[in-house]
1. Out of MET48, MET53, I need the residue that is within 17 Å of GLY8 (Cα to Cα) and in a helix (DSSP H, G or I). Which one?
2. State the number of residues belonging to region 69-93 that are under 25 Å from LEU4 (Cα atoms) and of a type outside the set (Phe, Trp, Tyr).
3. Name the one entry in THR51, THR67 that is over 10 Å from the mean Cα position of the chain (by Cα), surrounded by fewer than 13 Cβ atoms within 10 Å (Cβ to Cβ) and hydroxyl-bearing (Ser, Thr, Tyr).
4. Being surrounded by 12 or more Cβ atoms within 10 Å (Cβ to Cβ) and touching a helix residue (DSSP H, G or I) at 6+ places or on another chain (Cβ under 7 Å) is the filter; apply it to region 1-14 and report the residue that is farthest from THR70 (Cα to Cα).
5. Suppose the filter is at negative phi, assigned to a loop (DSSP other than H, G, I, E, B) and buried (at least 19 other Cβ atoms within 10 Å of the Cβ); does LEU25 pass it?
6. I'm checking my understanding of the structure. Among residues of region 94-107 that are of a type in the set (Asp, Glu) and outside any helix (DSSP H, G or I), which one is nearest to ARG5 (Cα to Cα)?
7. Looking only at region 31-65, count how many residues are under 24 Å from TRP96 (Cβ atoms) and hydroxyl-bearing (Ser, Thr, Tyr).
8. Anything in region 28-45 that is part of a loop (DSSP other than H, G, I, E, B) and within 25 Å of LEU69 (Cα to Cα)? List them, or say none.
Amino acid sequence: MEDLREHGPQPLDTLMEKWGLTNHLLVDTSTEQLNHKQVQKARKGRQMTLTMMQKVCRAFNIAIWNTHLTKEQKETYFEYMHRHLFNYAKGYEADWVDPNAEIYPKK
């Protein structure tokens, strides 16, 4: 029997890799008691509530803001919403193009 709460790897996982973010960094950055298990579930596609998706999204944006952006980049940074990070969120667009792609950290 198929588990309808499992959605597979999420855009969050891919974006975290592109930005060079770790689960630990999101947990440390969050001011909302986010834990490692919640971040891991979010990345792997376990269905989360809207509140939890938003909590992960806020931590994701803050982690990028605090660790990767220059003053100039902060002025043009596009803040991600939960619909950009989770493929089962209302309003998700599979063909969405990330406006921040040109400022990903160089590897």
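1. MET53
2. 10
3. Answer to the check: THR51.
4. Step by step, filter region 1-14, then rank; the result is GLN10.
5. So LEU25 does not fit the description; no.
6. ASP95
7. 2
8. As a first pass, look at region 28-45 and keep what is part of a loop (DSSP other than H, G, I, E, B): 30-35, 45.
SER30, THR31, GLU32, GLN33, LEU34, ASN35, listed by residue number.
No lab work stands behind these numbers, since they all come straight from the coordinates. Predicted model, so just to flag it, every value in this text is computed and none were measured. All Cβ positions, glycine included, derive from the backbone under ideal geometry; neighbour counts span all protein chains shown.
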